[in-house]
1. What pairs can you find where one residue is in segment 226-237 and at negative phi, the other is among the charged types (D, E, K, R) and part of a strand (DSSP E or B), and their Cβ atoms are less than 9 Å apart, with a gap of 6+ or different chains?
2. Step by step: first the residues of segment 216-238, then only those that are among the acidic types (Asp, Glu) and under 24 Å from HIS206 (Cβ atoms), then the one that is farthest from the chain's Cα centre (by Cα). Which residue is that?
3. Restricting to segment 131-150, and then to whatever is aliphatic (A, V, I, L, M) and part of a strand (DSSP E or B), can you tell me which residue is farthest from SER105 (Cα to Cα)?
4. Inspect all residues belonging to segment 204-213 and state whether any of them is within 14 Å of the ligand (Cβ to nearest atom) and either more than 12 Å from the chain's Cα centre (by Cα) or crowded, with 19+ Cβ neighbours inside 10 Å (or both).
5. Identify all residues within segment 162-182 that are among the aliphatic types (A, V, I, L, M) and more than 8 Å from the ligand (Cβ to nearest atom); write none if there are none.
6. Among the residues of segment 86-130, which ones are of a type in the set (S, T, N, Q), in a loop (DSSP other than H, G, I, E, B) and away from the ligand (no atom under 16 Å from the Cβ)?
7. Which residue pairs have Cβ atoms under 6 Å apart, sit 6 or more places apart or on different chains, and have a first residue in segment 136-161 that is within 18 Å of PRO220 (Cβ to Cβ) and within 16 Å of the ligand (Cβ to nearest atom) and a second that is of a type in the set (A, V, I, L, M, F, W, C) and in a strand (DSSP E or B)?
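Any read-out appearing in this document is the output of simple, stated calculations on the displayed coordinates, not a laboratory observation. Remember, it's a predicted structure, so these values are computed and weren't measured experimentally. Virtual Cβ from ideal backbone geometry, glycine too; neighbours counted across all protein chains shown.
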Amino acid sequence: MAAATLARRIGRSGVLPLCCRLPAWDRAARPPPGPAQPPGLPLAPCRSFSNNKIQVELDESSGVAMMKFKSPPVNSLSLEFLTEFSISLEKLENNKACRGVIITSALPKIFSSGLDITEMCGKSIEHYTEFWRAVQEMWLRLYGSNMVTVAAVNGSSPAGGCLVALSCDYRIMAENPKFSIGLNEAQLGIVAPFWFKDTFVNVVGHRIAERSLQLGSLHPAPEALKLGLVDELVPEEKLMEKAAAVMAQWLALPDHARQLTKTMMRKAVLDRLVAHREEDIKNFISFVSKESIQKSLRMYMEMLKKRKS
Ligand SMILES: CCCCCCCCC/C=C/C(=O)SCCNC(=O)CCNC(=O)[C@H](O)C(C)(C)COP(=O)(O)OP(=O)(O)OC[C@H]1O[C@@H](n2cnc3c(N)ncnc32)[C@H](O)[C@@H]1OP(=O)(O)O
């Protein structure tokens, strides 16, 4: 679906139409689940939907959806990608048969390269507004999801890609030291906004987050495990099997208890962005509109190209 069509669906407010209902992080818990299906059993009816950027398959018998990013070359989080991501999450959230989602990449070696830098270079204020609202929307939906969210990180995951993983309930990464993950914004000469930082702090704690953010560190998988940035490493070929096993473990508990606990842990951070959304958009616009920031981003893109040749 073209970005313009998606933007029309979202409307001027930048909020998806179904957002009129209470957001996921404020909704009553789902009814207690039936027994969780152990991983590896034959799977019954599957619902799938897919768009240009993301493919989703829901196994209704286990209540687990598999969401795969498939936007070559690097799954960058463009306006179109972010919009499709939010729509996909919303569809699953509204489907009572879905209790958990595993997020991974269909591309080799890359989970997601983070926010699409071209969306932040040389665009209009209207575009920056729409783009940043879409980034916020994606995070509010994912971090505030009632579903169990497991990131199966099967490749590099800088900046916005790392945020996606950090926003899940559990992170499993492929045991490959060539894959790295982190909030490397400082290396681009930009700053991670407060809610990226809050999400990071909630996972690794203040000291590790402070050092890592100031240095813009990208941590190779083994280091990411040591820091607690990911919960476990497994050989790449075992990643999906492990993700299914972890999901089954989390789904073995009653949804309502887990959901209320998740809300208790995350609400303050979610509420902070909800209360300051417009201000955050204004900050983003004034920041990226600076000539010095535009120059830094252009130089970074050139560096990526040079590194290739
Ligand atoms: C006050 C506070 C207010 C708020 C202030 C503002 C806050 C903003 C917060 C920002 C958050 C972010 O996520 S910023 C994004 C940070 N992301 C990154 O630093 C990732 C940079 N990319 C990489 O390191 C690498 O590309 C990597 C992902 C490992 C893949 O390496 P490979 O060798 O496989 O592939 P490459 O050859 O490098 O890349 C393939 C092509 O994709 C492009 N590409 C790669 N990453 C891209 C990206 N993120 N956006 C666009 N394009 C990208 C490359 O330029 C190439 O383009 P062609 O040459 O044309 O083929």
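1. So the pair list comes out as LEU229/ARG171; VAL230/ARG171; ASP231/ARG171; GLU232/ARG171.
2. By that ranking, first place goes to GLU223.
3. In this case the residue turns out to be VAL148.
4. Checked segment 204-213: at least one residue is within 14 Å of the ligand (Cβ to nearest atom) and either more than 12 Å from the chain's Cα centre (by Cα) or crowded, with 19+ Cβ neighbours inside 10 Å (or both).
5. Answer for segment 162-182, where residues must be among the aliphatic types (A, V, I, L, M) and more than 8 Å from the ligand (Cβ to nearest atom): VAL164, ALA165, LEU166, ILE172, MET173, ALA174, ILE181.
6. Selection gives ASN95, SER124.
7. Listed by first residue and then by second, the contacts come to ALA151/ILE103; VAL153/MET173; ASN154/ALA174; GLY155/ILE110; SER156/ILE110; SER157/ILE181.
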